[in-house]
1. Take residue 121 and tell me if it is part of a loop (DSSP other than H, G, I, E, B) and at negative phi.
2. Identify the residue in the stretch 224-241 that is touching a strand residue (DSSP E or B) at 6+ places or on another chain (Cβ under 6 Å) and in a loop (DSSP other than H, G, I, E, B) and, among all such residues, is surrounded by the most Cβ atoms within 10 Å (Cβ to Cβ).
3. If you take the residues of the stretch 223-242 that are more than 30 Å from residue 22 (Cβ to Cβ) and modelled with pLDDT of 75 or more, which of them is nearest to the chain's Cα centre (by Cα)?
4. Restricting attention to the stretch 187-204, does a residue exist that is under 14 Å from residue 109 (Cα atoms) and outside any helix (DSSP H, G or I)?
5. Say we look at the stretch 181-211 and pick out the residues that are closer than 16 Å to residue 164 by Cα and crowded, with 23+ Cβ neighbours inside 10 Å; which of these is farthest from the chain's Cα centre (by Cα)?
6. Mind listing whichever residues of the stretch 80-91 are surrounded by fewer than 23 Cβ atoms within 10 Å (Cβ to Cβ) and either touching a strand residue (DSSP E or B) at 6+ places or on another chain (Cβ under 7 Å) or not in a loop (DSSP other than H, G, I, E, B) (or both)?
7. Can you tell me how many residues in the stretch 155-175 are out of contact with any strand residue (DSSP E or B) (no Cβ under 6 Å at 6 or more places or on another chain), assigned to a loop (DSSP other than H, G, I, E, B) and touching a residue at least 40 places away in the same chain (Cβ under 8 Å)?
């Protein structure tokens, strides 16, 4: 279990280097480059932060970057952590706890996902309306961190309805055809089997991936508003008669990056003003 003092120590170093923030964005695979939207960006590498894990997956840079987008101080997490890398749930969600200590009250969590819904296509943007956790894991298991939230946090409105509406409206203004869908979290790192995808479809999920859910659960535990955005980078196993490769996922993320950046920038620009609480 990560100690509160360790979280505080890491947050203090990040704030000293980069300053506080009111909004945070976790960038999924292939979606690096959004930092170019920030004014006066300041960054710190993960390996400079005490007790912080290291991102080992291609397409994840491994830096916190803080800058300004339309009067909002925005913290970018360029490179996330996954349980399949061998990290505990405490380590996977440590960045979200630190974001809370830095004053973040709105989290935009993004990912590259496989399409389970047969109406989806690579290149689609999907605003998440709910998730299904099939990993058998929960990041809140163990002693509750009372400083952050209650023992039994509510998950009936996991992804904020107002933020979802805002995202859909801004996508329409940009001429983007954003969908809404349910995301399913699987452990990985192997891609799912066709039989698993058929099961996931029957259960009601539209997308499948190996991230997002633990960060979302912890963000809600911390009282943050959460907006989830998936970029469809491939059709899930068995939909097409072809194998899935991570290089293709990264390439698809690159192709959709411009639309993604425009949408997230517009969303942040329409967020209400918020007061950053100094540590």
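The values are calculated or read from the model by the stated rules, or taken from the named source; none is laboratory data. Just so we're clear, the structure is a prediction, and the values are computed from it rather than from any experiment. Note that we place each Cβ from the backbone using ideal geometry, even for glycine, and neighbour counts take in every protein chain shown.
1. Values: part of a loop (DSSP other than H, G, I, E, B): yes; at negative phi: yes.
Yes: the conditions hold for residue 121.
2. Kept after step one, since they are touching a strand residue (DSSP E or B) at 6+ places or on another chain (Cβ under 6 Å), are these residues of the stretch 224-241: 224-236.
Then keep just the ones that are in a loop (DSSP other than H, G, I, E, B); that gives 224, 236.
Values: 224: 23, 236: 30.
Filtering first and then ranking leaves 236.
3. 234
4. No, the stretch 187-204 has no match at all.
5. In this case the residue turns out to be 181.
6. Correct list: 83, 84, 85, 89, 90, 91.
7. Residues in the stretch 155-175 being out of contact with any strand residue (DSSP E or B) (no Cβ under 6 Å at 6 or more places or on another chain), assigned to a loop (DSSP other than H, G, I, E, B) and touching a residue at least 40 places away in the same chain (Cβ under 8 Å): 3 in total.
Residues are listed down the side, and each one gets a yes or a no for (1) at pLDDT below 95; (2) closer than 30 Å to residue 239 by Cα; (3) touching a helix residue (DSSP H, G or I) at 6+ places or on another chain (Cβ under 7 Å); (4) surrounded by 18 or more Cβ atoms within 10 Å (Cβ to Cβ):
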residue: 64; (1), (2), (3), (4): yes, no, yes, yes
residue: 78; (1), (2), (3), (4): yes, no, yes, yes
residue: 114; (1), (2), (3), (4): yes, yes, no, yes
residue: 123; (1), (2), (3), (4): yes, yes, yes, no
residue: 126; (1), (2), (3), (4): no, yes, no, yes
residue: 140; (1), (2), (3), (4): no, no, yes, yes
residue: 152; (1), (2), (3), (4): no, no, no, no
residue: 158; (1), (2), (3), (4): no, yes, yes, yes
residue: 167; (1), (2), (3), (4): no, yes, yes, yes
